[in-house]
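The values are calculated or read from the model by the stated rules, or taken from the named source; none is laboratory data. All of these numbers come straight from a predicted model, not from anything done at the bench. Positions of Cβ are backbone-derived with ideal geometry, glycine not excepted, and every protein chain shown enters the neighbour counts.
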Amino acid sequence: MPIDVPFITLPDPLLSGEGALDPLGLSSVGDKLADQILPGLRARMSRVRFVTAMAVGAAVCDGLEEQVAADRVTPASIVFEWFLVDGFARAESRDLVRRTPGIDKARSARQAGLHLSARTYLKTPSVFGFHGVYKSLARHLGIVDEDLRLGENGHVLLDTWEREQGVSGFIERATGLQNGNDLRATLRAAVDDAMRDGYAARSPGWQGWAFFLEHLLPSSIGAKEAALLDRLLKDPKGGTRGEVFTLVGNGGQEDLPESSIVANIAPRASEELRARLARIQAYERFCSHVETSFEWLRWLSSSSGATAVGPAHFAAVEDVQRLAAGLGGAKAAVERTLPASPVAVQTEFDELADYFQDCSTPEQLFHCLMCRHADVQKQKPPDGKREWFEHGTDDKVMIRIPYRVAEQPQPSPAWPRPYRLNTVRQFSSDLRRSLHG
């Protein structure tokens, strides 16, 4: 057996130790508002067929849910993921496997002549791998449970997929397809070996590589499988999710920012969905006042060289004056939409709004922004992050070099926070292509 010697791991997706994301702590409320219109979806999702891949993986790994590989960290589901992503990395055309989580790591490992393992795959596959990305949706649709065991809809999906793909062995059936080739056993043997060894190793001619490319490519959903996935996504149990898919999923809005999509579908939406979309629009208007003011402060400090910027300098900007004057109205507009929202949304927005209570002048806004930013950075795990500004005398601040900007703020119709409508577009595009060619 080959000796598994130590080596340097390949690069992971960037994780900032500086706390360089969400400096004003506005994303959490936006994410909760997105949950209200599209439960189960996440902004990082893009290819709905990974839900089917998770069902196949659950069948292959049945009974291994409580076990980990020889590396003492990797569960069987991720071991199956090693093989599938390695298989996709062998596709002749990269277009066939676009937006596959972990595909770059698999290609890099192959180029280096290495097997996929905990050290050569994603550092946190439970977050960045396709199981991590799509688990919330697979659970919400009843495909798998929390432990990645097949759910009721998972059995239905596998049955549909097996019959359409002409394969067998992934679910028990009294009669039906029998092609004499138990692919599940082939894949299970590979997973068992990788669990024992701590890395995924199979010969270039292994049958499993062709299986992944022939039956699970994200770009090649069968028509019956696509119809089932479409029905599950539009199930009334998903609240307004089905309505959003119906309103957005017919195409024609591919180049629009999410803000424009919301504006387009709101007049045709049900009363419930329209109210939730209005809440998102109001929240984004409030965020625009806060974030644009913060960006002006960054730019003023960036363009001042070695000179610190204080409240008076900030208050002299006409756009800042306008933003400060409109902030109270924008905050009140959000508060009018909140009574029908979940308590968690109300509570979190109230905590955010408290920082800008009675903030009507640019000078007050300067101090409110600095206070909010400092508290947000302090609360970032594990032990807090540095502020983007260095503090001097007379309440003046100077932007730190990594956070300087070269251009002054410009208005943009796009929202900085994703509301998963791009996910709906991408899912719908794949399903339309499969259903209608």
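Data table
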{"quantity": "Condition check for PHE366: under 30 Å from the mean Cα position of the chain (by Cα) and modelled with pLDDT of 95 or more", "calculated": "no"}
{"quantity": "Within the range 323-437, helices (runs of 4 or more DSSP H) holding 3 or more residues that are free of Cβ contacts under 8 Å to residues at least 24 places away in the same chain", "calculated": "343-354, 362-378"}
{"quantity": "Criterion (at pLDDT below 95 and among the charged types (D, E, K, R)) met by exactly one of ARG231, ARG173, ARG202, ARG188", "calculated": "ARG173"}
{"quantity": "Residues that are part of a loop (DSSP other than H, G, I, E, B) and exposed (fewer than 14 other Cβ atoms within 10 Å of the Cβ), drawn from the range 248-279", "calculated": "ASN250, GLY251, GLY252, GLU254, ASP255, SER270"}
{"quantity": "Condition met for LEU232 (of a type in the set (A, V, I, L, M) and either over 24 Å from the mean Cα position of the chain (by Cα) or outside the structural domain of GLY132 (by TED's automatic domain parsing) (or both))", "calculated": "no"}
{"quantity": "Test: residue in the range 53-65 that is more than 29 Å from SER220 (Cβ to Cβ), in contact (Cβ under 8 Å) with a residue 12 or more places away in the chain and either part of a helix (DSSP H, G or I) or assigned by TED's automatic domain parsing to the domain that holds ARG196 (or both)", "calculated": "no"}
{"quantity": "Only one of GLY113, GLY169, GLY132, GLY142 that is small (Gly, Ala, Ser) and assigned to a helix (DSSP H, G or I)", "calculated": "GLY132"}
{"quantity": "Residue within the range 26-35 that is on the phi < 0 side of the Ramachandran plot, modelled with pLDDT under 95 and not in a helix (DSSP H, G or I) present", "calculated": "no"}
{"quantity": "So THR74, is it among the polar types (S, T, N, Q), surrounded by 14 or more Cβ atoms within 10 Å (Cβ to Cβ) and modelled with pLDDT under 95", "calculated": "no"}
{"quantity": "Scope the range 299-312; condition in a helix (DSSP H, G or I) and either free of Cβ contacts under 8 Å to residues at least 24 places away in the same chain or surrounded by 22 or more Cβ atoms within 10 Å (Cβ to Cβ) (or both); matching residues", "calculated": "LEU300, SER301"}
{"quantity": "Residues being within 17 Å of ALA76 (Cβ to Cβ) and touching a residue at least 60 places away in the same chain (Cβ under 8 Å) - total across the range 110-123", "calculated": "5"}
